[in-house]
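The values are calculated or read from the model by the stated rules, or taken from the named source; none is laboratory data. Fair warning: this is a prediction, and the values are worked out from it, not measured in the lab. All Cβ positions, glycine included, derive from the backbone under ideal geometry; neighbour counts span all protein chains shown. Side chains included, ligands, DNA and RNA excluded: accessible areas come from the protein's heavy atoms. Shrake-Rupley method; radii C 1.70, N 1.55, O 1.52, S 1.80 Å.
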Amino acid sequence: MTNFDFLKKIDNNLYEIITEAEKLYTSEFFEQCITQTRRFGEQMCKNIMADNYRFDESFDNMLATMKDKAHSIPEKEFIDDLYFLKKQGNISVHSSTVKRDGILAFECLQRAFEASINYAVLYKKGSRTILKKQYDVNLLMTGKPSLREKYQEKRQEKGQKKIQTQKKTANKPKQSYTMKTSSKKKKPVFWIFTGISAIISAIMLLAILILTL
């Protein structure tokens, strides 16, 4: 696993470029890692420019064109990240001395990560759930997500299952139930008993009258 797995289905070429940068970092080739993140940023620009891209157009010119068209805060943040990658990549390439700057290389990876999220959502119509992702150092160094990342993934999975269940319930036809009244009537036991007692009493009274005559 890598921090950029979400990018694989969106743009496999960019995924290959940036995962190579992560490998360079973990192997402590920090300058090469910085240069690779610059390449990553430039390729994103080319993809966005698409038909408007000219073969001889520089990274700087592409960024200037995109900056003029940027209006939203995410777009401006995206371009700021690309400017950072371009600047640090240029310094690394043209430097006369070797600087093993792991902190700067890590910042370049983080900037590339943030840029790739905005690229996926703004320009490739990726899921907005990607915006919740954060760069995981543990995943970079070991290939295994930290407990925080695992917890977030589980929460997202549960949330998606809950939404699916709610949709199924909403689409399920409602069953109607009607209450039927019982056709059986309760027998008037009290009145039957009273009637029988009255008849017996009348017979006994009649018998007494006959005997007294």
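Just need a number here: residues in the stretch 95-116 that are of a type in the set (S, T, N, Q) and modelled with pLDDT of 90 or more.
At the first step, the residues of the stretch 95-116 found to be of a type in the set (S, T, N, Q) are 95-97, 110, 116.
Cutting the leftovers down to modelled with pLDDT of 90 or more gives us 110, 116.
Count: 2.
Could you tell me how many of the residues in the stretch 35-75 are among the hydroxyl-bearing types (Ser, Thr, Tyr) and modelled with pLDDT under 95? Let's see the steps before the verdict.
Our first condition is that a residue be among the hydroxyl-bearing types (Ser, Thr, Tyr); within the stretch 35-75, this holds for 35, 37, 53, 58, 65, 72.
Filter again for modelled with pLDDT under 95, leaving 53, 58, 65, 72.
Final tally of qualifying residues: 4.
Do you know which residues across the stretch 10-23 are surrounded by 20 or more Cβ atoms within 10 Å (Cβ to Cβ) and closer than 15 Å to residue 143 by Cα? Those that are surrounded by 20 or more Cβ atoms within 10 Å (Cβ to Cβ) and closer than 15 Å to residue 143 by Cα: 18, 21, 22. If only one of 135, 119 is farther than 20 Å from residue 42 by Cα, among the hydroxyl-bearing types (Ser, Thr, Tyr), at pLDDT 90 or above and open to solvent by less than 90 Å² (accessible area, probe 1.4 Å), which one is it? Exactly one of 135, 119 is farther than 20 Å from residue 42 by Cα, among the hydroxyl-bearing types (Ser, Thr, Tyr), at pLDDT 90 or above and open to solvent by less than 90 Å² (accessible area, probe 1.4 Å), namely 135.
Name the residue that is nearest to residue 46 (Cα to Cα), counting only residues in the stretch 60-72 that are open to solvent by less than 100 Å² (accessible area, probe 1.4 Å) and not charged (D, E, K, R). Don't jump to the end; show me each part of the working.
Kept after step one, since they are open to solvent by less than 100 Å² (accessible area, probe 1.4 Å), are these residues of the stretch 60-72: 60-66, 70, 72.
Narrowing the set further to residues that are not charged (D, E, K, R) leaves 61-66, 70, 72.
Working: 61: 11, 62: 8, 63: 10, 64: 13, 65: 12, 66: 11, 70: 16, 72: 20 Å.
Restricting to residues being open to solvent by less than 100 Å² (accessible area, probe 1.4 Å) and not charged (D, E, K, R), the top hit is 62.
Taking (1) among the polar types (S, T, N, Q); (2) closer than 23 Å to residue 131 by Cα; (3) surrounded by fewer than 16 Cβ atoms within 10 Å (Cβ to Cβ) in turn, residue 26 satisfies each apart from (2). Within the stretch 138-168, the set of residues being among the aliphatic types (A, V, I, L, M) and either within 16 Å of the chain's Cα centre (by Cα) or at pLDDT below 80 (or both) comprises 147, 163. For residue 78, are the conditions met, namely being touching a Lys or Arg at 6+ places or on another chain (Cβ under 8 Å), in a helix (DSSP H, G or I) and at pLDDT 95 or above? It is false that residue 78 is touching a Lys or Arg at 6+ places or on another chain (Cβ under 8 Å), in a helix (DSSP H, G or I) and at pLDDT 95 or above. Could you tell me which residue of the stretch 1-35 is farthest from residue 119 (Cα to Cα), considering only residues that are among the β-branched types (Val, Ile, Thr) and within 20 Å of the chain's Cα centre (by Cα)? Residue satisfying both the conditions and the ranking: 2.
Just to verify a result, which residue in the stretch 73-98, among those that are closer than 11 Å to residue 34 by Cα and among the basic types (Lys, Arg), is most open to solvent (accessible area, probe 1.4 Å)?
So the residue we want is 87.
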